[in-house]
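J.: For reference, the structure I am asking about is given below.
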């Protein structure tokens, strides 16, 4: 399953005046969180070992890592728990990601103006943690 794709953002309301790399920020923040929580698949950990190590060391941003991984957040990059969580969290009708992401957008012209930096990640990570905890409770799963 494809959970997010940078290309999808270009097909929406992406402001044409922005650097196209900004389309990688929403998925990149999620990728950074997943890497920090150890929720990537064995395949991702092996095939993208250098990129994941640089991401975890914060020598590249989530958006930069997301671009290096092809700008696609597919099931094969995730462990089963992360795959299940993202299916719910990114659900367009009932998911909480865009509400959590909205905190970063306050005062900005669009969701695509969110800064690609670790301050943005540090701002959203507690919200993702809380959403993950709620999802675990609803699903009857212990938190990893």
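Results for (1) more than 18 Å from residue 37 (Cβ to Cβ); (2) buried (at least 18 other Cβ atoms within 10 Å of the Cβ); (3) touching a strand residue (DSSP E or B) at 6+ places or on another chain (Cβ under 9 Å), shown as yes or no for each residue.
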position: 57; (1), (2), (3): no, no, no
position: 76; (1), (2), (3): no, no, no
position: 85; (1), (2), (3): no, yes, yes
position: 89; (1), (2), (3): no, yes, yes
position: 94; (1), (2), (3): yes, no, no
position: 98; (1), (2), (3): yes, no, no
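J.: Let me confirm something: among 65, 32, 49, 23, which residue is at pLDDT below 95 and either closer than 17 Å to residue 115 by Cα or surrounded by fewer than 19 Cβ atoms within 10 Å (Cβ to Cβ) (or both)?
T.: 23
J.: Let me ask something else about it. List the residue pairs whose Cβ atoms are under 6 Å apart, where the first residue sits in segment 17-37 and is free of Cβ contacts under 8 Å to residues at least 60 places away in the same chain and at negative phi, the second is surrounded by fewer than 24 Cβ atoms within 10 Å (Cβ to Cβ) and part of a helix (DSSP H, G or I), and the two are 6 or more positions apart or on different chains.
T.: Sorted first by the residue in segment 17-37, then by its partner, the pairs are 31/65; 35/52; 35/56.
J.: Among the candidates 108, 104, which residue alone is part of a loop (DSSP other than H, G, I, E, B), at negative phi and surrounded by 11 or more Cβ atoms within 10 Å (Cβ to Cβ)?
T.: Of 108, 104, the one residue that is part of a loop (DSSP other than H, G, I, E, B), at negative phi and surrounded by 11 or more Cβ atoms within 10 Å (Cβ to Cβ) is 108.
J.: Name the pairs: first residue in segment 119-144 and without any contact (Cβ under 8 Å) to a residue 12 or more places away in the chain, second residue surrounded by fewer than 17 Cβ atoms within 10 Å (Cβ to Cβ) and in a helix (DSSP H, G or I), Cβ to Cβ under 7 Å, at least 6 apart or on different chains?
T.: 142/136; 143/133; 143/136
J.: Still on this structure: Here are 15, 80: which of them is surrounded by fewer than 13 Cβ atoms within 10 Å (Cβ to Cβ), out of contact with any strand residue (DSSP E or B) (no Cβ under 8 Å at 6 or more places or on another chain), over 17 Å from residue 127 (Cα atoms) and at pLDDT below 95?
T.: When all the criteria are applied, what remains is 15.
The values are calculated or read from the model by the stated rules, or taken from the named source; none is laboratory data. From a predicted model like this one, the values you see are computed outputs, not experimental measurements. A quick note on method: Cβ atoms are made from the backbone with ideal geometry, for glycine too, and the neighbour counts reach across all protein chains shown.
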